[in-house]
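S.K.: Can you read through this structure? Questions will come right after.
The values are calculated or read from the model by the stated rules, or taken from the named source; none is laboratory data. Small disclaimer: the values here were computed from a predicted structure and weren't measured. Glycine also receives a Cβ, built like all others from the backbone with ideal geometry; neighbour counts cover every protein chain displayed. Calculation scope for accessible area: heavy atoms of the full protein, side chains included, ligands and nucleic acids excluded. Shrake-Rupley method; radii C 1.70, N 1.55, O 1.52, S 1.80 Å.
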Amino acid sequence: MQGVILAAGKGSRLHPITLSRSKAMLPILGKPIVERVMEVLLANGVNDFILVVSPEDRDITHYFRRESTLEAEVRFVYQTERLGMAKALQCAAPLITEDFVLSACDNLVTTADVGRLMASWQTEPQPNALLTLMPVTRERISTTGIVAMDGPWITRIVEKPTPEEAPSNISSLPLYVFSPRLLAYLPEVAPSPRGEYELQDAIQMLIRRDGRVGGVMVERRLTLTNAADLLALNREYLMHGDGRPQLEPHTVGPATQLITPLYIEQGTVIGRGCVIGPNVYIERDCHIGDRVTLRDAVVLRGATVPDGATIVDQVVA
């Protein structure tokens, strides 16, 4: 099965962090979030990836061609205009030759949940599409796609309805399994009132004309929309990830305490009398001054933390 990852977004709600790199390339303990998404799919047998990226994002193409150790084929297609998920998928369509998983680059569910999604795809009668579903609060309804269901099948999907218009409180997450049948409907999608080509409109055509669009419920997912999410994702991987703690600072000054869980990359200089940790991720080539306190924090590559600073629950760029 192929995997299509949508990774061309700018991440404007993450400014100024995303002024120097795309959202897809923001780090989760030493790896870009897009690679963390791909790892979960790879663990479930997806090893042929198509990444839809911006032609301006040279970091992502360089990383997967030169630095990544992911044991999978990775190909790129370029989305020159950001006009919605349907248009992004249309960019990838010429390379799609079989059933495929579609995921946003900033949406993480567990390996087990992806396994259940894959297992459901093999049931009879085989679906034409599977959506990942999760209940949301009333306040979140207008921020996501909402579905109506009849038994195991989805009968309707509505993009960002008001709470009064919503057919339920069950949201569709940006993780799907599709047959190539969906691709035929993409050219029919018209722009929405906000000027985007919504994937939900193509899914609704599939529901109406072919049927057998199902869903798999998950209880939890992690996503990246703002700096607080970047903190939460790195904390999650520090505390529950499979990777071992990494402590490779270039130098550490006297009387400095390092309190795990920690992940410190190469090239970082840490001054004297500091307290670093717990729940701290320091990317490469940072400079941490003397008498600094860092706790529940992320320090991005090349950043400087001045002498005497106290950084708690913050991202330093």
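S.K.: Please specify each residue of the stretch 274-298 satisfying the condition of being open to solvent by less than 10 Å² (accessible area, probe 1.4 Å), under 12 Å from Gln257 (Cβ atoms) and in a strand (DSSP E or B).
M.R.: Listed by number, the residues that qualify are Ile276, Val280, Leu294.
S.K.: Let me ask something else. Name the residues in the stretch 36-71 that are out of contact with any helix residue (DSSP H, G or I) (no Cβ under 8 Å at 6 or more places or on another chain), outside any loop (DSSP other than H, G, I, E, B) and open to solvent by less than 20 Å² (accessible area, probe 1.4 Å), would you?
M.R.: Within the stretch 36-71, Val37, Met38, Thr61 qualify.
S.K.: Return a yes/no flag: does the stretch 41-59 have any residue that is among the β-branched types (Val, Ile, Thr) and touching a residue at least 60 places away in the same chain (Cβ under 8 Å).
M.R.: no
S.K.: Test of understanding: among Glu248, Glu219, Glu188, which residue is free of Cβ contacts under 8 Å to residues at least 40 places away in the same chain, closer than 30 Å to Glu124 by Cβ and charged (D, E, K, R)?
M.R.: Glu188
S.K.: Follow-up. Output the residues belonging to the stretch 96-120 that are in contact with a strand residue (DSSP E or B) (Cβ under 7 Å, 6 or more places away or on another chain) and either free of Cβ contacts under 8 Å to residues at least 60 places away in the same chain or in a strand (DSSP E or B) (or both).
M.R.: Within the stretch 96-120, Phe100, Val101, Leu102, Ser103, Ala104, Asn107, Leu108 meet the criteria.
S.K.: Separate question: Is there a residue in the stretch 240-259 that is over 29 Å from Lys160 (Cα atoms) and in contact with a Pro (Cβ under 8 Å, 6 or more places away or on another chain)?
M.R.: yes
S.K.: Here is a further query. Residues that are part of a helix (DSSP H, G or I), open to solvent by 30 Å² or more (accessible area, probe 1.4 Å) and not hydroxyl-bearing (Ser, Thr, Tyr): does the stretch 75-86 have at least one?
M.R.: First, pick out the residues of the stretch 75-86 that are part of a helix (DSSP H, G or I): 85-86.
Among the residues that remain, those that are also open to solvent by 30 Å² or more (accessible area, probe 1.4 Å) are: 85.
Filter again for not hydroxyl-bearing (Ser, Thr, Tyr), leaving 85.
Scanning the stretch 75-86 turns up at least one residue that is part of a helix (DSSP H, G or I), open to solvent by 30 Å² or more (accessible area, probe 1.4 Å) and not hydroxyl-bearing (Ser, Thr, Tyr).
S.K.: Looking for whichever is of a type in the set (Val, Ile, Thr) and under 30 Å from Leu130 (Cβ atoms) here; the options are Thr256, Thr260, Thr251, Thr223. Which one fits?
M.R.: That would be Thr223, the only listed residue that is of a type in the set (Val, Ile, Thr) and under 30 Å from Leu130 (Cβ atoms).
S.K.: Oh, and also: With the requirement that a residue be open to solvent by 80 Å² or more (accessible area, probe 1.4 Å) and among the β-branched types (Val, Ile, Thr), what does the stretch 299-317 give you?
M.R.: Thr304, Thr310
S.K.: Among the residues of the stretch 17-27, are any among the hydrophobic types (A, V, I, L, M, F, W, C), closer than 19 Å to Met1 by Cβ, touching a strand residue (DSSP E or B) at 6+ places or on another chain (Cβ under 9 Å) and open to solvent by less than 50 Å² (accessible area, probe 1.4 Å)? Working first, answer last.
M.R.: The initial filter retains those residues of the stretch 17-27 that are among the hydrophobic types (A, V, I, L, M, F, W, C), namely 17, 19, 24-26.
Restricting the remaining residues to those that are closer than 19 Å to Met1 by Cβ gives none.
No - not one qualifying residue is present in the stretch 17-27.
S.K.: Only one of (1) open to solvent by 40 Å² or more (accessible area, probe 1.4 Å); (2) farther than 28 Å from Lys31 by Cβ is not met by Val252, so which one is it?
M.R.: (2)
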